[in-house]
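Structure, as structure tokens:
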Amino acid sequence: MSDIRLYNTLSRSLEPFEPTEPGRVRMYVCGMTVYDYCHIGHARAMMSFDVVYRWLLEKGWDVTYVRNHTDVDDKIIARATELGEDPLALSQRFIEYLDTDLARLGLRQPDVEPRVSTHIPQIIAMVQALVDRGHAYATGDVADGQDVWFAVESYADYGALSGKKLGDLRAGERVAVDDRKRHPGDFALWKGAKPGEVSWDSPWGKGRPGWHIECSVMSTEHLGHSFDIHGGGIDLIFPHHENEIAQSECASDHHPFARYWMHNGHLTLVDDDGSPIKMSKSLGNAIRIRDLLDEVPADALRIVYLESHYRSPLPFSRARLMDAVGSAERIYLAREVLETIAAHEPAGPAHQVAADLGGDAQELYDRVQAFPAAFAAAMNEDFNTSNALSELFELTRAVNRFGNHKKWWKRSSALARDALRCFDLSGRVLGIGGQDSEQFFNTLTDTLLKKGGLTRDVVEELIDAREAARGAKDWGRADELRDELDNLGVVVMDGAEGTRWRMRSA
RNA sequence: GGCGACGUACCCAAGUGGUUCAAGGGGCGGGAUUGCAAAUCCUGUAUUCACCGGUUCGAAUCCGGUCGUCGCCUCCA
């Protein structure tokens with residue numbers, strides 16, 4: 001009995017999640033059409049399902065996660081023609097960029113990342129099955145390459161996922177209806193090749209797959225006929241996922257195609273004052289994930305994504321991103337305290353330490369004890385990362401409260417180690433707070449120094465000079481130097497063990 | 001025209017019938033701490049959940065209507 005509840009687009013309600021086989025989950029997510037760089041919107045979709053994957057793994061389940069690359073498509077062909085590049089070489093190039101970017105963002109690699117171009121025989125077989133079963137028909141001459149269409153009227157449940165009725169669709173409103181089709185809603189399973197296009201031999205002559213068939217074929221190929229979770233962006237509900245269902249259910253006698261359908265909401269770009277900005281390639285303002293990762297740590301970007309629920313629309317702004325950098329710093333500052341304390345030799349078990357010290361120590365202990373269950377409760381409820389994150393923030397505050405009692409540090413190792421395990425849990429599931437703080441701050445500092453055109457040496461020289469002035473109690477000179485550092489974006493922190501510094505992130 | 005989502009404080013945002021349910025983060029005000037700062041902690045910031053009706057002992061949460069924003073209706077994460 002699973003304790004996860006998830007929102008199933010099919011029923012438009014929260015449902016208890018019960019995999020077909022207990023402890024075994026098969027999930028398929030529609031990936032990207034690879035003809036350009038991955039932007040922040042794509043990344044939201046990948047991120048949403050990355051967290052689903054991670055949480056299922058955290059539960060100890062055996063998960064097979066399949067996310068495809070669409071490497072044969074009209075837009076790829078168009079782009080390749082434009083660049084004078086082979087379409088498959090072009091898509092290969094962008095797949096490599098995508099892998100790099102997603103790895104930097106801290107996404108786990110799916111178990112299988114199938115491509116259309118390597119599944120052509122299986123696609124042909126499914127199209128043939130649909131023709132044989134009377135759900136598809138070919139038009140044109142084999143010599144020129146026939147088109148094969150799916151006949152939507154042959155599938156009684158067409159529209160069940162999207163809630164659309166065939167008669168209600170405004171055929172021809174946006175895209176001219178192809179008069180070779182029997183019904184305006186019919187869609188291409190196989191497209192006859194135009195001269196010069198990438199194509200494969202088939203019973204219908206030279207051609208290539210239509211858009212939707214690939215996901216039906218690749219999910220079935222790698223997960224079997226009826227699998228547990230199918231995900232993708234909300235925009236894919238219709239027609240893509242609707243068509244996938246129609247094809248898959250008609251091509252075999254296995255039902256249902258996928259049992260739970262999950263869709264992530266869209267990210268929209270907004271100005272710092274909240275007014276929407278249209279993000280489109282034609283405006284050239286699609287924000288690439290790799291550009292952002294040159295500026296901010298992955299944890300910060302993950303905070304932006306995960307502080308709202310995956311199904312909600314997400315207004316993205318620079319201001320919000322910068323806020324998230326601050327949040328990430330706060331989390332890692334607390335983690336740093338814990339790491340420092342944990343480095344001491346344990347002086348008794350955590351519960352003993354807490355009982356002896358009482359107050360903020362006991363409160364931290366209690367929160368640490370409660371953390372895994374609270375975190376799990378949030379994640380189990382339709383992957384409520386926002387609530388899971390708020391648990392992490394509350395833990396962070398408890399750590400800081402505790403950390404303010406410096407005299408406790410030496411004997412609290414066991415307690416700190418337990419607390420660190422909570423941060424590690426968050427790191428495993430959300431990808432937030434799980435790194436060593438030193439690694440986090442080094443990366444952040446390097447990034448910001450580079451952005452400000454500075455080096456550590458320059459900063460440290462000024463810091464040393466200020467330290468000398470402070471040692472001489474020359475407060476005027478010390479403050480002067482601090483202002484100078486401040487102008488460079490360097491924030492100084494005077495502590496009992498000396499002065500530390502960090503780069504101001506916003 | 002059809003289908004669907006959303007509207008919670010200055011901003012982001014969780015919460016979808018009742019035990020502090022108005023979380024959490026940011027901002028802003030006050031305080032502790034600090035040589036002064038930064039960071040951190042404490043504290044104040046929505047008697048109220050777009051608006052109007054209704055159901056109910058009880059609603060931000062359910063129903064109806066109004067206004068507003070957005071998505072889809074064969075390119076889309």
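A few points about this structure:
- In this structure residue A:501 has an accessible area near 40 Å², from a 1.4 Å probe over the protein heavy atoms.
- Cα-based helix-to-principal-axis angle, A:120-132 vs chain A, degrees rounded to 10: 50 degrees
- FRET efficiency for residue A:108 and residue A:129, using Cβ-Cβ distance with R0 set to 35 Å, rounded to 0.05: 0.55
- Calculated FRET efficiency for the pair residue A:86/residue A:180, C-beta based, R₀ 30 Å, to 0.05: 0.55
- Spin-label model, residue A:405/residue A:277: points 7 Å from Cα along the beta carbon direction are separated by 4.8 nm.
- Label-to-label distance, nm, for residues given as residue A:465 and residue A:294 (7 Å Cα→Cβ offset): 3.1 nm
- Cα point-scatterer Debye curve for the stretch A:5-268, base-10 log of I(q)/I(0) at q = 0.09, 0.17 Å⁻¹: -0.41, -1.48
- Legend: calculated FRET efficiency, residue A:221 to residue A:340, from the Cβ-Cβ distance at R0 = 60 Å, rounded to 0.05, equals 0.75.
- In sequence order, calculated HN-Hα J values of the stretch A:479-494 (Karplus, 6.51, -1.76, 1.60; Hz; x Gly/Pro): 5, 4, 5, 5, 4, 4, 5, 4, 4, 7, x, 9, 9, 9, 10, 7
- Length gained when the stretch residue A:456-residue A:74 is fully extended (0.36 nm per residue, less Cα-Cα span): 132.6 nm
- The tail of the calculated P(r) for chain A beyond 33 Å holds 50 percent of all Cα-Cα pairs.
- Neighbourhood net charge (9 Å Cβ-Cβ; Lys/Arg +1, Asp/Glu -1) for residue A:79: -2
- A 1.4 Å probe, protein heavy atoms only, puts the accessible area of residue A:183 near 30 Å².
- Helical runs assigned H by DSSP (4 residues or longer) give chain A a calculated mean residue ellipticity at 222 nm of -15000 deg cm²/dmol, each run adding -39500 (n - 2.57) before division by the residue total.
- Put A:99, A:50 in order of accessible area, highest first, and with a 1.4 Å probe you get A:99, A:50.
- Acute angle (nearest 10 degrees) that the helix A:437-452 long axis makes with the longest principal axis of chain A, alpha-carbon atoms: 80 degrees
- Here the peptides A:120-129, A:86-95 are ranked by packing, the mean other Cβ count within 10 Å, and the order with the highest first is A:120-129, A:86-95.
- Note on residue A:238: accessible area is roughly 60 Å² with a 1.4 Å probe, heavy atoms of protein only.
- Which of A:253, A:235, A:424, A:179 is most accessible, then next, and so on - probe 1.4 Å: A:179, A:253, A:235, A:424
- Close amide H contacts of residue A:505 (hydrogens built in the peptide plane, cut-off under 5 Å, sequence separation of 5 or more or a different chain): none are found.
- Per-residue accessible area (protein heavy atoms, 1.4 Å probe) orders A:444, A:14 as A:14, A:444, starting from the largest.
- Computed label-point distance, nm, for sites residue A:355 and residue A:487 using a 7 Å Cα→Cβ extension: 5.9 nm
The values are calculated or read from the model by the stated rules, or taken from the named source; none is laboratory data. Since this is a predicted model, take the numbers as computed values, not measurements. Cβ coordinates were reconstructed from backbone atoms using ideal geometry, including for glycine residues, and neighbour counts include every protein chain displayed. Just the protein is used for accessible areas: all its heavy atoms, side chains included, with ligands, DNA and RNA removed. Shrake-Rupley method; radii C 1.70, N 1.55, O 1.52, S 1.80 Å.
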